[in-house]
Amino acid sequence: MSACLGYLGAAVAALSSRPSGRAISVWTAVGGAVVVPLALLVLTGAAQSEVGVVERSGLLTLRQATPYLADPRAVVEVTPYLPGMAVFGLPRAVLGDGDPLSRLLGDARLWCAMAFLGCLWTVLRRAGGPSTAVGSATNRYLVGAFVASPVVALPLCVSGVDLPLTGLLFLALACAARRRPVATGLALAAACSLKWTAWPAVAVAVTLLAHQGEIRRAVRGGTVAVGGTALLVLPSALSSPGPLVQQVFAFPIGRGPWKTPAASPLPGKLLADLGPAGWCAAVALLSAGGLAVAVSLLVRPPHDLVAAADRLAVGLCVAFLLAPAGRFGYLALPLALAVLARLAGGAHRKEPVHGLVVRASRPARPVPAPVARGVR
């Protein structure tokens with residue numbers, strides 16, 4: 001209801017001829033679709049089960065240095081995320097939930113949203129300027145409208161766990177487009193420590209860096225990404241390898257001892273429901289799709305932010321559609337990457353080589369006219 005009223009008010013404000021009409025429209029949509037419902041849900045304690053899982057993982061990390069229970073008794077006790085996701089549950093573990101302020105500040109959704117918006121702000125700030133696509137007022141309004149859209153507003157209010165992953169992947173691709181290998185690797189490491197579905201982004205970002213003409217930068221970015229991910233994941237993997245494999249890898253694809261709630265009627269899920277042969281067929285198709293995307297990176301590597309985001313979005317869509325277990329909500333991640341890349345793509349086009357610019361900017365020397373030979 002709040003979102004409907006916000007969208008209705010935004011539509012009315014957008015029809016106004018006042019100069020501030022667009023700003024009022026965007027902020028009305030953000031308030032109705034994000035701020036009001038998020039505050040109400042947080043204060044009343046209503047949320048999807050993922051929020052409780054993340055907050056419990058933060059508490060377990062403080063107590064036993066690993067977010068995984070050794071012997072889960074129910075699905076809600078399973079932690080299907082890599083250890084980095086527990087960071088967003090630490091505020092709840094520290095503050096508790098005794099008073100309204102603690103419930104508000106400790107809610108994992110708030111910190112997931114802040115991580116997403118922080119990544120977004122970092123990319124847009126680096127792309128700022130009145131002449132860039134993102135620096136213009138129109139595109140700032142478009143970004144605000146996208147945040148207020150159901151693609152972002154709904155998961156932000158009820159769950160939020162995929163938003164940090166989306167923001168970090170967007171930041172990593174933007175850094176790769178700007179030829180910043182270390183920043184790219186750090187953003188990738190942070191994303192890959194949240195969910196293993198972020199791992200294909202390493203190949204896309206490294207290919208984009210290599211296509212910029214700097215193989216050393218690509219190797220540096222990939223090394224930072226892989227090393228940073230190992231540094232963040234290995235402590236929990238060494239302390240509880242069995243629970244990590246069962247809960248993070250086996251459970252999401254329907255091969256664990258617990259039935260996953262991710263059961264949307266997507267092609268991979270429908271195949272897996274046919275039995276062992278159907279499950280193997282879904283995995284084979286998933287592997288073939290992943291191989292096709294990998295080959296496309298070699299045959300036609302992405303050359304800018306939009307192309308890289310599109311390639312990663314295609315790979316993620318293939319994975320989500322053909323996985324033995326999945327849900328429609330997962331498709332919001334590739335959609336968000338494709339939209340955000342287009343909002344920021346104009347500011348991350350490949351810059352000309354400095355030397356060529358200098359030579360072209362020098363005034364041309366006058367060429368002496370040929371001297372005609374006269375008759376003596």
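No value in this document is a laboratory result; all are computed from the given coordinates. Please read these numbers as outputs of a predicted model, since none were measured by experiment. Glycine also receives a Cβ, built like all others from the backbone with ideal geometry; neighbour counts cover every protein chain displayed.
Details
- Sorting the Cα pairs of region 149-205 by distance into bins of 5 Å, from 0 upward, gives 4, 22, 28, 19, 14, 10, 3, 0 percent per bin.
- Unit Cα scatterers, Debye sum, the chain: log10 I(q)/I(0) for q = 0.08 Å⁻¹: -0.47
- Relative contact order of region 142-230, defined on C-alpha pairs under 8 angstrom at six or more residues apart (%): 28 percent
- Unit charges on C-beta of K, R, D, E only; dipole of region 2-348, Debye: 780 debye
- Euclidean distance of C-alpha centroids, region 32-85 and region 291-315, integer Å: 33 Å
- Dividing the mean sequence gap of close Cα pairs (under 8 Å, 6+ apart) by how many residues the chain holds gives a relative contact order of 16 percent.
- Farthest positive-ward along region 240-348 dipole, Cα basis, beta-carbon charges - from V306, G242, S287: G242
- Here's the picture: a label point sits 7 Å out from the Cα of R73 along the beta-carbon direction, and within region 215-258 the residues with their amide nitrogen under 17 Å of it are 258.
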